[in-house]
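Shown next, in structure tokens, is the structure this report addresses.
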Amino acid sequence: MNVIKKIISVFQKNTTNRIIQAFNKSPMRFLTKTLSICKSPHVYLKRNRLAKSVVLTPQEQEIVSSLNQYGYAEVTSLLSVEKVKVLSDYCLDKMQRSEEIKAREILKTKNFWTVLSDEDIADKNLTADNPLVSFALQVPVLRIVSAYLKQVPFIEYVMLTLSKYTGEPLKSSQLWHLDYDNTSMVKLFVYLTDVNSVEPGPFTFFDAVTSKNIKNSFITRHLPDNEVFGYVEKTSIRQMTRPKLSCFMVDTTRCYHMGSRLQEGHQRLMYTALYTGLPPIYYWSGREKYQPTPNLESLQLWALKVKPS
Ligand SMILES: O=C(O)CCC(=O)C(=O)O
């Protein structure tokens with residue numbers, strides 16, 4: 001009897017989550033966001049207020065303008081070379097152990113990549129000095145995201161993916177889509193292997209202006225090339241063919257994108273940090289999951305959503 005109850009509860013939970021996901025993949029997500037703000041206005045207002053006090057350097061201002069206008073920006077020259085090196089060493093070591101990590105992967109949602117960061121996350125909280133987290137905590141990035149989202153962000157996740165060739169038809173994020181983790185968010189990407197050509201499956205997108213011309217259903221779907229090219233010119237594609245250690249930021253809620261379309265014999269190691277404005281639009285996200293380290297600045301503490309001790 002207990003087993004049946006358990007099966008029913010799992011089924012109900014999955015069904016509820018699927019309904020919420022479908023709802024938030026439609027324009028109704030703005031209603032969800034409004035309701036979440038009404039439920040916890042202090043979270044939203046406090047983070048808004050703090051963002052107003054952020055002072056940007058001229059370089060940061062330029063990046064925010066590019067994000068506002070086009071939904072993306074190159075940020076390689078903004079980031080600490082030392083931090084990129086630490087991230088790279090940490091991630092390349094994981095790549096060497098990818099088969100072992102793959103065997104312990106938690107969520108096998110996409111067979112064209114292995115989530116190498118799963119072993120960091122597992123059941124535990126991540127510490128702020130974990131290289132995947134400390135890279136996302138760079139204050140210039142947090143200032144930029146705060147100014148762009150008009151809200152001091154939360155680091156919803158950090159992720160390291162190793163994409164591989166499967167020989168199977170394209171699916172999920174290999175097709176064109178927008179992201180719906182939140183109504184306001186931005187992603188920071190770092191290539192940790194060279195992606196100098198189309199073979200290693202570059203992150204590919206249309207800027208926010210072009211993306212507006214792409215039509216989708218009320219509950220949005222991932223779109224194949226032929227459908228997308230019915231709305232926009234192939235020539236407006238932005239293919240991030242860049243050497244390793246290149247860093248860029250994209251508002252993936254505004255820019256249609258896809259990637260990981262690898263050709264045989266290639267692989268791509270990429271780091272992603274997702275910054276979101278709180279409150280979340282899903283009851284299961286926006287949760288505390290980080291352990292602070294001493295001497296963090298205020299923006300960093302907010303980004304980790306840690307309670308001050
Ligand atoms: O694999 C890729 O380049 C696409 C990743 C993606 O769709 C995303 O991070 O939202």
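The values are calculated or read from the model by the stated rules, or taken from the named source; none is laboratory data. Because the structure is a prediction, the values reported are computed rather than measured. We place every Cβ from the backbone using ideal geometry, glycine too, and count neighbours over all the protein chains shown. What goes into the accessible areas is simple: the full protein's heavy atoms, side chains included, and nothing from ligands, DNA or RNA. Shrake-Rupley method; radii C 1.70, N 1.55, O 1.52, S 1.80 Å.
Name the residues in segment 62-73 that are free of Cβ contacts under 8 Å to residues at least 60 places away in the same chain and exposed (fewer than 13 other Cβ atoms within 10 Å of the Cβ), would you?
Across segment 62-73, there are no qualifying residues.
Just a yes or no: is a residue in segment 282-302 closer than 28 Å to ASN111 by Cβ and touching a helix residue (DSSP H, G or I) at 6+ places or on another chain (Cβ under 7 Å)?
Yes; the residues of segment 282-302 include at least one that is closer than 28 Å to ASN111 by Cβ and touching a helix residue (DSSP H, G or I) at 6+ places or on another chain (Cβ under 7 Å).
Which one is nearest to the ligand (Cβ to nearest atom) among residues in segment 251-276 that are among the hydrophobic types (A, V, I, L, M, F, W, C) and closer than 18 Å to PHE154 by Cβ?
From segment 251-276, those among the hydrophobic types (A, V, I, L, M, F, W, C) are 255, 258, 262, 269-270, 273-274; that's our starting set.
Checking the rest, the ones that are also closer than 18 Å to PHE154 by Cβ come to 273-274.
Values: ALA273: 10, LEU274: 8 Å.
Checking each candidate, the answer is LEU274.
Output the number of residues of segment 194-224 satisfying the condition of being within 19 Å of VAL250 (Cβ to Cβ) and open to solvent by less than 50 Å² (accessible area, probe 1.4 Å).
The qualifying residues number 16.
ASP123 passes all but one of (1) at pLDDT below 90; (2) surrounded by 18 or more Cβ atoms within 10 Å (Cβ to Cβ); (3) not hydrophobic (A, V, I, L, M, F, W, C); which number fails?
Going through the list (1) at pLDDT below 90; (2) surrounded by 18 or more Cβ atoms within 10 Å (Cβ to Cβ); (3) not hydrophobic (A, V, I, L, M, F, W, C), ASP123 breaks only (2).
Restricting to segment 87-100, name every residue that is aliphatic (A, V, I, L, M) and farther than 15 Å from ASN130 by Cβ. Spell out the reasoning first.
Pass one, segment 87-100, residues aliphatic (A, V, I, L, M): 87, 92, 95.
Correct list: LEU92, MET95.
Would you mind stating whether LEU175 is buried (at least 20 other Cβ atoms within 10 Å of the Cβ), within 16 Å of the ligand (Cβ to nearest atom) and touching a residue at least 12 places away in the same chain (Cβ under 8 Å)? Explain how you work it out, then say what you get.
Working: buried (at least 20 other Cβ atoms within 10 Å of the Cβ): no; within 16 Å of the ligand (Cβ to nearest atom): yes; touching a residue at least 12 places away in the same chain (Cβ under 8 Å): yes.
No; evaluated as a whole, the condition is false for this residue.
Looking at segment 225-248, which of the residues that are over 24 Å from TYR191 (Cβ atoms) and acidic (Asp, Glu) is most open to solvent (accessible area, probe 1.4 Å)?
Keep residues of segment 225-248 that are over 24 Å from TYR191 (Cβ atoms), which gives 226-227, 229-233.
Next, from what is left, pick out any that are acidic (Asp, Glu): 227, 233.
Numbers: GLU227: 57, GLU233: 128 Å².
Out of the qualifying residues, it is GLU233.
Against the condition over 23 Å from GLU82 (Cβ atoms), touching a residue at least 12 places away in the same chain (Cβ under 8 Å) and surrounded by fewer than 16 Cβ atoms within 10 Å (Cβ to Cβ), how does ALA147 come out, does it pass? Give the steps one after another, and end with the answer.
Details: over 23 Å from GLU82 (Cβ atoms): yes; touching a residue at least 12 places away in the same chain (Cβ under 8 Å): yes; surrounded by fewer than 16 Cβ atoms within 10 Å (Cβ to Cβ): no.
No, not satisfied.
Kindly indicate whether ALA303 is buried (at least 23 other Cβ atoms within 10 Å of the Cβ) and either more than 11 Å from the ligand (Cβ to nearest atom) or not in a strand (DSSP E or B) (or both).
Answer is yes for this residue.
Hey, can you tell me all the residues within segment 74-109 that are of a type in the set (Val, Ile, Thr), more than 28 Å from VAL64 (Cβ to Cβ) and either in contact with a Cys (Cβ under 6 Å, 6 or more places away or on another chain) or open to solvent by 40 Å² or more (accessible area, probe 1.4 Å) (or both)?
In the first step, residues of segment 74-109 are kept if they are of a type in the set (Val, Ile, Thr); the result is 75-76, 81, 84, 86, 101, 106, 109.
Now restrict to residues that are more than 28 Å from VAL64 (Cβ to Cβ): 101, 106, 109.
Hits for segment 74-109 are ILE106, THR109.
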